[in-house]
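The values are calculated or read from the model by the stated rules, or taken from the named source; none is laboratory data. What you are looking at is a predicted structure, and each value in this text was computed from that prediction instead of being measured. Virtual Cβ from ideal backbone geometry, glycine too; neighbours counted across all protein chains shown. Please note that ligands, DNA and RNA were not included when accessible areas were found on the heavy atoms of the full protein model with its side chains. Shrake-Rupley method; radii C 1.70, N 1.55, O 1.52, S 1.80 Å.
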Amino acid sequence: MPDPTERPARHAAEDETAAPATPPGRSLRDLGRALLRPSASHILLAAVLLVFGVGVGTQLTTKAADDPYATARRADLIQLLDTATTETSRLEAEIAQLKTTRDKLQSGVDGAKVAQAEAQNRLDNLAILNGTVGATGPGIRVVVYDPGQKVSASTLLDAVEEFRDAGAEVIEINDSIRVVASTWFAGANGSVVADRTAITWPMVIDVIGEGHALEEAARFRGGLVSQVQQLGGSVTITQETSVRITAVRSLPQNQYARPA
Amino acid sequence: MFAILALLVGIALGIWLEPSLPPGLTTYLPIMIVAALDALFGALRAWFDGTFSDRVFAVSFFSNVLIAALIVFIGDQIGVGSQLSTAVVVVFGIRIFTNAAAIRRAVFHA
């Protein structure tokens, strides 16, 4: 290793005679004066310091680039890489596990959604069947004129059964009586009662279903129309694209029957 | 005056131009800078002693830097690079402090 303090001492001893004689033991003031006064030796000094400056500047920017791995050694880098690889595989395993959990939960949610849609569908069907909600859809409107009030409860029951056979889904009488499974008809001496409600004339029957089939169910020989005509009344039937039924029934509470 | 200007210009050049160092050299540059610092302090001490020579300074500067880099390079080849670079930094650090002490004595007479 060269020694810039020792070796210059020997060389300088020879050069010192050529250089302007300066007594040993200079002060800081001498240094400033020497630096301010340009001389030939300053050029070599400047060249060396320029090289040194470039090196320092380069190192500063390398550090400023904030890349601690650029100057790291191979062994350290290998260790870092090993750590990173281990961490990566650990995290990947965690990702896979979490994905499995997520998929499980997802399928559970989907299953629950399907079940809920199914249940809602059944609920809607049962609600319409039980008459607890209003309904709308294509169907027919039947108006029965019976000036002699001779139409009997059994005629009415036959008509309802024929409508059901023709695929009626919802039947309503006089915008107030919802005909459901438990609806009953009774009557005597020219008055007809359905579900405790007296039927007023002319009677209006709204039916939701396939319009043509429902109309045929009323018009066939021996059906509602011909029966009423025999009794001296008349019937008008109009097929409508949208029949709106608003009469509802409260849900009866089963006293004995329980779901099995 | 030239010397200090050259030093500043050199640092500015190094920062602005950002010379791209070959990847193999990045571990040696800090060592080389420490060696150069040692040469600088040695030169300053020699100047205060009245034995300064620009030729000797230039030669010692470059040989210092090269030998320091060589030692670390050999260390890297035989697998003790980081230890040897630590050793070089320690040795140069001690020498810089010694030179700094001599300079302090010359400047402050204390």
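Summary table below
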item	result
Cβ-Cβ under 7 Å pairs, at least 6 apart or on other chains, the stretch B:2-25 side within 7 Å of chain A (Cβ to nearest Cβ) and more than 17 Å from residue A:48 (Cβ to Cβ), far side open to solvent by less than 50 Å² (accessible area, probe 1.4 Å) and hydroxyl-bearing (Ser, Thr, Tyr)	B:15/A:61; B:18/A:61; B:19/A:58; B:21/A:58; B:21/A:62
Test result for residue B:43, of a type in the set (Gly, Ala, Ser), more than 7 Å from chain A (Cβ to nearest Cβ) and surrounded by 21 or more Cβ atoms within 10 Å (Cβ to Cβ)	no
Out of A:130, A:174, sole residue that is touching a residue at least 40 places away in the same chain (Cβ under 8 Å), of a type outside the set (D, E, K, R) and surrounded by 17 or more Cβ atoms within 10 Å (Cβ to Cβ)	A:130
Output for the stretch B:45-74, where each listed residue is within 26 Å of residue A:61 (Cβ to Cβ) and either within 16 Å of the chain's Cα centre (by Cα) or free of Cβ contacts under 8 Å to residues at least 40 places away in the same chain (or both)	B:58, B:61, B:62, B:64, B:65, B:66, B:67, B:68, B:69, B:70, B:71, B:72
Filtered residues of the stretch B:49-86 (kept if buried (at least 18 other Cβ atoms within 10 Å of the Cβ), modelled with pLDDT under 85 and not charged (D, E, K, R))	B:50, B:51, B:52, B:53, B:81
Members of the stretch A:177-215 found to be hydroxyl-bearing (Ser, Thr, Tyr) and open to solvent by 30 Å² or more (accessible area, probe 1.4 Å), listed by number	A:182, A:191, A:197, A:200
